[in-house]
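To start, the structure under review is shown below, and the notes come after it.
Here, each number is a calculation from the coordinates, and none is a lab measurement. Quick caveat, the model's predicted, so the values are computed rather than measured. So basically every Cβ, Gly included, is an ideal-geometry build from the backbone, and we count neighbours across all protein chains shown.
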Amino acid sequence: MRVLSAGLLLALAREATGAGCPVVVPTGAWPQGAAYQAVSAGKPNAMVPPKQQGFNRTVSIEGICVDSFSISSSYVCASSAGEFKAGLNLTKTPAAQSPVALKFGGATCPLTAISVYKTTKASGSSFKAEMRFQFEPCIGGPVTSAAVVVGIRKDAAIDFNLPAWTKQVCPQQTTTAAPVAVVKHETDAVIKLVGQGMCDGTVRRKISGIATVMDCKLQCVSSATKANILNTTGCTGFSFKATAADENCITFSGNITKVVANAGWECYNMDYKTSLDSKATPAPTVVVTDAPEVLAIKEVLGVSASAYFQQITPPLGEPTCFASMWWLRLEDRSGQPLSVPIKAADYDAFLADIPEPIEPSSGEVSAPQIIDRVLVDTCTESGGWGAQACFVPVVEADWHCRKEELTGAVISGVITAILTWIMVAIWFGVYMKFGSKNGYDAAAGDESGQVAGGSRVCTHSMFQVGMILVAIGGACLSCWLSLQFLNAVMRSAECFDVAEFMVVIISVVLSVALAIIFFSLYLAFRHPAHPHPFLHETPKQERTNTKLMLVEVQDGTDTGHSLDSMVGTKQGALWTGFQSQNSGSAFGTVRPGDSIR
């Protein structure tokens with residue numbers, strides 16, 4: 001809460017001194033990318049979400065693991081402004097019907113483009129190039145667009161198929177065949193993807209060390225060309241698997257129209273046409289129609305991950321400077337940036353094909369942003385927090401606040417119990433004062449618990465209802481007052497937010513109020529006639545008058561005096577006795593040898 005308030009104050013102070021909007025968007029570039037660069041270069045103006053909201057949210061990217069989503073034929077080349085850009089073909093798939101959508105809270109953002117660009121020193125990225133998925137427009141949320149960013153790395157074995165995919169979306173050039181002196185073969189090889197798996201046909205040749213599907217295709221074209229010249233049967237299709245251990249390119253003959261399930265393999269058929277011309281004329285341009293390419297999204301990004309999340313809004317002084325956005329950098333479970341692999345053999349050539357980046361020409365912008373860490377669900381069906389956990393850096397425990405929170409809760413509970421009992425006693429006294437006219441009494445009149453001319457107050461329904469209300473309301477008021485007092489004394493107000501404050505109040509109020517109510521109602525219903533030890537006074541019994549008399553009897557000569565009902569204790573050689581005057585008894589001393597009647 002303190003960080004949020006401080007961030008808002010800093011935002012207001014910085015934006016009050018702002019002078020215009022310095023964001024400059026290069027021609028053809030994505031405006032949000034330019035705005036993000038300007039904000040990243042500006043002074044930090046970040047805050048975190050409230051404790052009960054942040055670090056526990058999930059972003060879902062639905063449809064990203066369907067193979068048809070990334071097929072190259074669904075995108076059009078829109079490269080410009082220093083980056084490769086594949087825009088969704090809106091003539092085929094309107095943005096409203098995009099196969100992929102980012103959902104966060106109540107917002108839905110459809111995918112519209114995929115961009116690949118080289119990073120600059122100013123970006124601070126640990127990768128030479130990055131890939132960005134662009135989502136817009138967002139509907140039902142606080143922003144208008146969203147971006148999901150991953151790095152691009154060099155890998156020895158795994159390939160994301162990004163080089164072939166980018167070349168398919170944005171062809172760079174056509175290949176012209178060399179002129180033929182005597183015989184010219186004009187060929188047209190049309191290759192189509194049959195499906196995922198091994199081709200169902202006659203195996204011709206198994207080849208190892210093939211780097212890309214393009215190289216495997218050329219092996220099939222070479223075989224078909226040779227067979228056409230020799231008038232034999234040639235290659236009519238091929239299967240390719242980039243991650244195969246040895247032979248990763250297999251050529252086939254026959255009618256290739258079906259596939260056999262085999263994980264990781266792709267089957268293509270080839271329709272090869274040629275014509276023979278003996279004229280010595282230059283050959284026309286040979287155009288080979290490539291099969292659509294797909295990205296290995298599921299294999300690389302399919303596992304749910306976390307993301308470093310930024311919600312960026314324009315400065316308050318310049319609300320039209322740029323549109324608000326979400327910016328997510330995918331991370332693995334250890335908190336490291338996520339990246340897509342490109343085979344080492346193709347990495348340098350791929351970077352060479354990407355346009356050179358345009359150095360940022362925008363000025364610095366200090367715009368408010370909320371930073372957070374979120375979970376990202378893609379292909380993995382998860383049960384929420386039970387299936388995965390968001391990575392959060394370990395923070396040293398604030399023992400100062402923990403101690404004050406515990407101390408405040410315990411002391412507040414004791415004070416609340418005492419004050420609430422006092423309030424219930426006051427209610428008892430008030431009710432007694434106004435209810436005694438109706439014959440109500442506080443305690444039993446005798447040992448049997450009977451009340452003369454009335455009934456016990458604690459058994460009256462109106463008293464019980466009032467006692468319950470006083471117990472609950474008094475406990476709430478007492479707990480609130482005690483916590484306010486303790487926070488002021490211990491200066492621990494910054495250790496509590498609203499949620500923690502309410503948890504203490506609710507727990508203390510429930511324990512105190514319910515204890516008072518249950519105890520009082522138990523006595524009222526189970527022991528209504530039991531006399532109260534403080535309110536009930538035991539009647540005093542008057543003591544009968546007594547008189548002491550002393551009589552001396554010697555040697556038994558005075559037999560006219562008798563001592564009736566002697567009760568005594570032996571003290572040396574004498575006997576002493578006592579009885580009240582009313583019963584005719586006397587007190588005397590008897591010596592040895594005396595006779596007593």
Under-5 Å amide H pairs with Ala113, H placed in peptide plane, nonlocal only: Leu88, Gln134
My understanding is that a pair violates if its Cα-Cα distance is over 22 Å; which of Lys92/Lys192; Lys51/Lys298; Lys92/Lys128 do that in this structure? Lys51/Lys298; Lys92/Lys128
Between Glu293 and residues 5 or more places away or on another chain, which pairs have amide H atoms under 5 Å apart, with H built 1.01 Å from N, and which residues are they? Ser72, Ser73
Nearest-0.05 FRET efficiency for Leu351 and Gln53, computed from C-beta distance (R0 41 Å): 0.50
Quick one: which residues, 5 or more positions from Ala129 or on another chain, have an amide H under 5 Å from its amide H? H modelled 1.01 Å from N in the peptide plane, none for Pro or chain starts. Thr119, Ile152
For region 18-125, shape from the Cα gyration tensor axes a ≥ b ≥ c, cut at a/c of 1.5 then a/b versus b/c, turns out oblate
Scalar couplings 3J(HN,Hα) for region 126-138 by Karplus 6.51 cos²θ - 1.76 cosθ + 1.60 (θ = phi - 60°), nearest whole Hz, x for Gly and Pro, are 8, 10, 6, 8, 9, 10, 10, 9, 9, 10, 5, x, 7
